[in-house]
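Some notes on the structure that comes next.
The values are calculated or read from the model by the stated rules, or taken from the named source; none is laboratory data. None of the values given here were measured: they were computed from a predicted structure. All Cβ positions, glycine included, derive from the backbone under ideal geometry; neighbour counts span all protein chains shown. Surface accessibility is based on the protein's heavy atoms, side chains included, excluding ligands, DNA and RNA. Shrake-Rupley method; radii C 1.70, N 1.55, O 1.52, S 1.80 Å.
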Amino acid sequence: TRRFTPVAEWEDERHLLGLEGERVAIAFLTSCGWSVEAHRFKLGRHDIDLVVRKGHTVAFVEVKTRRSQTCGSGLEAVNRRKQHDIARVASVWVLRHGRPDDEYRFDLLAVVDSRGGAPQVEHVPDAWRPTGRWG
């Protein structure tokens, strides 16, 4: 069975790095006028890192955090399969929380967290469009 583990007890450095990247992404997006509708919205074992809103535009944001770009950009890590999984979770969010006049898009946000320096943020609005019916 699965057990809830509070963030304070997380030990996996990758999970902690991802959470820190999501915090940076939230700060960046809110400074750009977005409001956070959901953080880590889950459907089974899949989730959407952030659901943000500005007016009638809702963006489903996948956040990728890296310590460096030696193994490639975090943006390169979101393949078709990941896009499909995100779209499936997004379709459930829309059913539960969407509004009739909302417009939806899928964004990518890469954070490079070089220790000691300010994190670098790259935001790609409307990074992809799901093919066919969502989910």
Inset, instruction - Compute the signed sum of charges (Lys and Arg +1, Asp and Glu -1) over the other residues within less than 14 Å, Cβ to Cβ, of Leu29. - result: -2
Legend entry - Degrees between helix 80-97 axis and first principal axis of the chain (Cα, 0 to 90, nearest 10): 60
Legend entry - Karplus (6.51, -1.76, 1.60) ³J(HN,Hα), θ = phi - 60°, over the range 13-22, in Hz, Gly and Pro reported as x: 4, 5, 5, 5, 5, x, 5, 5, x, 5
Legend entry - Fluctuation leader among Ser91, Ser73, Ser31 - the chain, Gaussian network, Cα springs under 10 angstrom: Ser31
Inset, instruction - For the chain, report the accessible area per residue in Å² (1.4 Å probe, heavy atoms, rounded to an integer). - result: 61
Legend entry - Formal net charge of residues neighbouring Glu122 (Cβ-Cβ distance under 13 Å; K, R +1; D, E -1): -2
Legend entry - Relative contact order, percent, the chain [alpha-carbon distance under 8 Å, six or more residues apart]: 23
Legend entry - Carbon plus sulfur fraction of accessible area for the range 75-119, probe 1.4 Å, in percent: 46
Inset, instruction - Could you check the simple spin-label distance between Ser114 and Ala77, using points 7 Å along Cα→Cβ, in nm with one decimal? - result: 1.9
Legend entry - Relative contact order (%) - criterion: Cα under 8 Å, at least six apart; region: the range 34-114: 37
Inset, instruction - Please work out how much accessible surface Glu103 shows to a 1.4 Å probe, ignoring ligands, DNA and RNA, in Å² rounded to 10. - result: 120
Inset, instruction - Select from Val24, Ala87, His56 the residue farthest towards the positive end of the dipole of the chain; place +1 on Cβ of Lys and Arg, -1 on Cβ of Asp and Glu, and compute about the Cα centre. - result: Ala87
Legend entry - Distant-in-sequence amide H partners of Asp107 (H built 1.01 Å from N, under 5 Å): Phe60, Val61, Glu62, Asp126, Ala127
